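Student: The structure that follows is given in the form of structure tokens.
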Amino acid sequence: MLTMFSFSLPLLAWCAVSYLPFLWHPDVELQISADREGVTTVYTPGDRVSEEFFPEFEAAVRTQNEEVSPFMSLDKPVEAGSESSVRRSNKKVLRHLAPLLVSNGWLTEEQTKDDAAIYVAWKEIATGARLPEQPALTEENLEIVRKNWALMSRYSDSYNADNFVSRPLLSLVPQGRPANPDYLPAPHRVLISGFKEFTKPAEAERPSMWQRVGHSMRIVFGGFLLAALVGVPIGVICGTYSFFSKLIEPFTDFFRYMPAPTFSTLLVVIFLANDAPKMALVFIGTIFQLILVVANTTRRLELPLLEAAQTLGANQAQLLTRVVIPGILPNLYNDLRILLGWAWTWLVIAELVGVKSGLTEFIETQGRWRNFDSVYPVIILIGLIGFFTDQILSFIRGFIFPWTSEGPAITSTPVAKVLLFVPRWFKSAVDERIPYQPESTSPNKA
Amino acid sequence: MIEIQTDPLLYRVQKPEVRERFEALKQRPVVLSVQNLYKTFESQTGTVTALKDVSFDVYRREFMCVIGPSGCGKSTLIRILAGLESSSDGKVLLDGNPVTGPGPDRGMVFQSYTLFPWLTVKQNVMFGPRMSGKRGTSAESEARQWIDLVGLSKFENSYPHQLSGGMKQRVAIARALANRPRILLMDEPFGALDAQTRCQMQSYLLQIWRNLDITILFITHDLDEAAFLADRILVLKANPGEVNEIIEVPVPRPRSAAQFITPEFIATKYRIDQLIHPDQGSPEDALPFPRMTPQGDDVE
Ligand SMILES: Nc1ncnc2c1ncn2[C@@H]1O[C@H](COP(=O)(O)OP(=O)(O)O)[C@@H](O)[C@H]1O
Ligand SMILES: [Mg+2]
């Protein structure tokens, strides 16, 4: 049960922060934006601005509107030559309503530049024929729509590019809703983006997500297996013979303190492009640790077992192959499990070596574009792959090593607990349905 | 301390059939001969003399116990005999040949459980023969015989972690015997077992010993165990470990638990006890005795 909590608590916290507007939400996500005169920073709907800045933004637009409103009157003469620039900015104002219309379902994504359709919407809102609801317009903005429409309709009842309003229109005052910064997208957006990214087919120059996953796993497992292949024998020999321990371990101990990433450029020079330098990085990052851990595990083998084998006539070679190796296998297996987790931590750095590749390349690119809702699914996936690999390995340990006193550790892993919970619950539910039949042969059963 | 009503010197008085046994025993060939054995350990705190001038012979099919206070060098002695440790001086001869290292001609049963956890009972028993290249069905059926001998046929495919402590030590005995050693060295093999299991194991061991051509050197610190099992008991002195006396146990064979109260048995135990704890008096005398009960609250 606690295991479930350990996973559901962070999830719940994430949902709470995302879906309860009064929790955190330090930003305002714009639903309607506006251009400000003489300001080059342009916000579009979907952008986030800070809570502090949003009122300033509103105020600036209102002031701008106050300055404009005297010129709306048809009585005022228009400055000669300004007509075309006024028209241009008026078209922008017209389109500022578009994102809101899209989210209300009045327009499709493709229609955001369809001025005629937008024009119709202005008319419908101004006359009250139809009102947007999700989100709705503020009273203030409704008023602006009506005032603008009053002017627009004087020119033309439907969109006419040649006869478009040439007197300034009022800008819609920015509207927004509380939002979290873009680095914390809501769960459903992460799910949706994740689904999209993982179902996208591969294109030229752009592998599918599953190809990326495969690529990344190849690097981690490749580097790790190589390290294990080389490191385990060395570690076992170091742990068995003090001569080799003294010869090899001090240098290994020193080498492991040199951060593996510092060798990345060197590795590229040696192994050139592609995956070789990446695997080499995982290899370097893992093997020194592995040798020391394996040597230690080997040393921990109980001396009496070795002595018993000697009194039974085992020679040195037999001691190694018949006692040391089988004796340390279960612990060695556990060590390798832990070191595999260690190898995973080198993934990102390894994939940055040389030409970026795999999942890291995706995370890097999307992160730069601030598409964090696409980044999170990948990060979570990496975590899940690592976690489940470990769980599976610890699950099958009991079957590989039936002699360890824990026996098959089926029920002890968190995943197994969760997986077994469902069938157990099902079974107990079924058991309840089977009526209890008292044994007729036992008279003293109540 | 043992309450003694019988004559404490009775341990030297041998009934005719017992004397005959010992005379016959000493006619047999010497399997293991230890001559002027010394062992010193060098450590930071100085040198420790664990064994000093230890000499004794063990005859074929003899059951010899070694007893002595804790730390007197019993384990050191048996480890030298097994070849797991080298002596500082002196000779160890097995059938007249000097011992240089561990070998299958001397089986050893340790106090700690040393079954290989990754092998089943049968595989454990076959370990020794396998090391010398024996395998196949004949080796397997022989292993089964040894397992039968210690009464664990039902468990031949179990792993050690599924066995109780007593069962583990029985497998360890079968495993050592499977090499057909000249002598079985046992270092407090039943020390970790509960009293009841220990008694059972002692009977088992005597049975096995009676039915096989095997010589046993058995280390213990338990007076009852020594007096119950042994033909002769080698009593060691502590600091340094020297031979104190070799007692010929006057209790006739076959042994049974009923003999625990015979005068010979009690006298033997008394003698060992005297040798191990010389003029120490009652252990209570050595303890400080602050009174922690209210006055006039006597329980006696
Ligand atoms: N490897 C060793 N290094 C140093 N001293 C040792 C070593 N093994 C045993 N000794 C010392 O030798 C003495 C005898 O030890 P041991 O044979 O284990 O005694 P016992 O088995 O009779 O209790 C003890 O004083 C012990 O401290
Ligand atoms: Mg000891």
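Student: May I ask you to list the residues in region A:213-229 that are open to solvent by less than 20 Å² (accessible area, probe 1.4 Å) and within 20 Å of the chain's Cα centre (by Cα)?
Tutor: Across region A:213-229, the qualifying residues are A:213, A:216, A:220.
Student: Could you run through region A:17-34 and say how many residues are open to solvent by 80 Å² or more (accessible area, probe 1.4 Å) and touching a Leu at 6+ places or on another chain (Cβ under 7 Å)?
Tutor: So the answer is 0.
Student: Conditions: (1) closer than 24 Å to residue B:224 by Cα; (2) open to solvent by 50 Å² or more (accessible area, probe 1.4 Å). Residue B:104 meets all but one. Number of the miss?
Tutor: Tallying (1) closer than 24 Å to residue B:224 by Cα; (2) open to solvent by 50 Å² or more (accessible area, probe 1.4 Å), residue B:104 fails exactly one: (1).
Student: Would you mind stating whether residue B:57 is touching a Ser or Thr at 6+ places or on another chain (Cβ under 8 Å) and either under 21 Å from residue B:209 (Cα atoms) or polar (S, T, N, Q) (or both)?
Tutor: Yes; evaluated as a whole, the condition is true for this residue.
Student: For region A:187-203, which positions are at pLDDT below 90 and small (Gly, Ala, Ser)?
Tutor: Matches in region A:187-203: A:202 only.
Student: I've got another one for you. Just a yes or no: is a residue in region A:301-313 free of Cβ contacts under 8 Å to residues at least 60 places away in the same chain, more than 14 Å from every other protein chain (Cβ to nearest Cβ) and among the polar types (S, T, N, Q)?
Tutor: no
Student: Ok, one more. Only one of B:23, B:17 is in the same structural domain as residue B:95 (by TED's automatic domain parsing), exposed (fewer than 13 other Cβ atoms within 10 Å of the Cβ) and closer than 15 Å to residue B:232 by Cβ; which? Let's see the steps before the verdict.
Tutor: Values: B:17 fails: closer than 15 Å to residue B:232 by Cβ.
B:23 is the lone residue from the list that is in the same structural domain as residue B:95 (by TED's automatic domain parsing), exposed (fewer than 13 other Cβ atoms within 10 Å of the Cβ) and closer than 15 Å to residue B:232 by Cβ.
Student: Suppose we keep only residues that are within 45 Å of the chain's Cα centre (by Cα) and at positive phi within region A:35-85. Which one would you say is least open to solvent (accessible area, probe 1.4 Å)?
Tutor: Within region A:35-85, the match that is least open to solvent (accessible area, probe 1.4 Å) is A:46.
Student: Limited to region B:237-264, what total is found for residues that are open to solvent by 30 Å² or more (accessible area, probe 1.4 Å) and within 16 Å of ligand 2 (Cβ to nearest atom)?
Tutor: Result for region B:237-264: 4.
Student: Go through (1) closer than 20 Å to residue A:306 by Cβ; (2) within 16 Å of ligand 2 (Cβ to nearest atom) and name the single condition residue B:71 misses.
Tutor: (1)
Student: Something else now. Taking region B:143-181 as the search range and keeping residues that are open to solvent by 10 Å² or more (accessible area, probe 1.4 Å), away from chain A (no Cβ under 12 Å) and not in a helix (DSSP H, G or I), which one is nearest to residue B:85 (Cα to Cα)?
Tutor: That would be B:164.
Student: Right, here's the next one. In region A:350-401, which residues are open to solvent by less than 50 Å² (accessible area, probe 1.4 Å), within 14 Å of another protein chain (Cβ to nearest Cβ) and without any contact (Cβ under 8 Å) to a residue 60 or more places away in the chain?
Tutor: A:398
Student: I would also like to ask the following. What do you reckon, is residue B:81 within 14 Å of chain A (Cβ to nearest Cβ), hydrophobic (A, V, I, L, M, F, W, C) and within 16 Å of ligand 2 (Cβ to nearest atom)?
Tutor: Values: within 14 Å of chain A (Cβ to nearest Cβ): yes; hydrophobic (A, V, I, L, M, F, W, C): yes; within 16 Å of ligand 2 (Cβ to nearest atom): yes.
Criteria met by residue B:81.
Student: Please work out which one of (1) open to solvent by less than 20 Å² (accessible area, probe 1.4 Å); (2) within 14 Å of chain A (Cβ to nearest Cβ); (3) in contact with a Phe, Trp or Tyr (Cβ under 6 Å, 6 or more places away or on another chain) is the condition residue B:117 fails and give its number.
Tutor: (1) is the only condition that residue B:117 fails.
The values are calculated or read from the model by the stated rules, or taken from the named source; none is laboratory data. Note that the coordinates shown come from a computational prediction; the quantities given were computed from them, not determined experimentally. All Cβ positions, glycine included, derive from the backbone under ideal geometry; neighbour counts span all protein chains shown. Heads up: the accessible areas ignore ligands, DNA and RNA and are worked out on the full protein's heavy atoms, side chains in. Shrake-Rupley method; radii C 1.70, N 1.55, O 1.52, S 1.80 Å.
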